[in-house]
Amino acid sequence: MCTRILLSIPRGKDNLSTNFAELVTGFEIKEVETMKVTVENRVLELVEGDITEMETDAIVNAANAQLILGGGVAGAIRRKGGPKIQAECNKIGGTFVGGAVITTAGNLKARYVIHAVGPRMGEGNEDEKLRNATLNSLKLADENKLKSISFPAISTGIFGFPIQRCAEIMLSTAIAYLRGSTGLEKVVFCLFGHSDYLLFAGQLEQETSK
Ligand code: AR6
């Protein structure tokens with residue numbers, strides 16, 4: 001049996017709260033932290049976990065320009081989603097760095113995978129390319145009338161982009177987008193590991209206090 005307890009602890013700001021979810025499975029107690037802010041009545045949420053478990057309309061893959069699902073997020077998507085996703089990527093063939101394309105999501109809980117191509121550290125113009133990869137994913141979600149999307153920290157694994165800079169770029173891009181005209185109701189950042197989660201949480205506090 002699995003029981004999930006959600007506690008909402010207000011932190012003195014109308015639009016900011018931190019939730020601590022305790023996941024109790026047998027004798028193991030695991031704490032899962034989330035942080036939620038609202039931007040123009042839309043939700044921006046941070047969670048720590050595995051993006052392939054997310055139930056948003058789309059999850060974003062940290063892809064390469066050839067759309068070949070390698071390791072990291074892409075590997076997890078390939079293993080859990082099944083071969084259909086790579087087959088659809090092969091039909092599309094590829095896209096530019098900073099671009100994004102959409103496929104269905106095979107056996108995953110999400111309905112779609114948006115494959116966003118982030119920059120490789122050292123190739124030049126990385127910040128703008130990461131901003132574009134984030135923005136083009138959000139636009140593609142809207143074009144497909146999706147309501148919710150989950151992002152990983154694009155480029156910060158195999159591609160070697162610094163996580164702090166990634167948090168600044170991806171969060172500021174998402175917040176600006178949610179302030180504009182969009183049908184999206186929820187944008188989630190799914191961080192792999194506690195230190196990446198804390199770093200994004202610190203950056204989100206800064207962004208929302210501006
Ligand atoms: N859920 C959420 N985040 C994850 C997961 C997961 N299951 N697995 C890793 N991360 P990466 P990149 C984090 O390497 O740097 C592949 O070969 C990870 O800790 O997936 O953009 C592709 O095919 C890191 O913070 O993507 C490309 O060739 C972040 O996700 C290339 O790697 C991104 O790590 C893309 O490299």
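Every number here is computed from the coordinates shown, using simple stated rules; none is lab data. Values in this document were obtained by computation on a predicted structure and should not be read as measured data. Backbone-built Cβ (ideal geometry, glycine too); neighbour counts: all protein chains shown.
The mean sequence distance of close C-alpha pairs (under 8 Å, at least 6 residues apart), as a share of the length of the range 34-208, puts its relative contact order at 29 percent.
So what is the relative contact order of the range 33-82, in percent, for Cα pairs below 8 Å that sit 6 or more residues apart? Provide the component values of the computation, followed by the final result.
Working: 33 pairs, mean separation 11.8, N = 50.
Contact order relative to length: 24 percent.
Beyond 27 Å in Cα-Cα separation lie the following of the pairs Lys36/Lys91; Lys84/Lys147; Lys91/Lys139; Lys109/Lys186; Lys36/Lys84: Lys36/Lys91; Lys36/Lys84. Residue exposure proxy: Val60, Val73, Val39, ordered by other Cβ atoms within 10 angstrom of their Cβ from fewest to most, comes out as Val39, Val73, Val60. Checking the a/c ratio against 1.5 first, then a/b against b/c, what shape does the Cα gyration tensor give for the range 34-208? Cα axes put the range 34-208 in the rounded bin.
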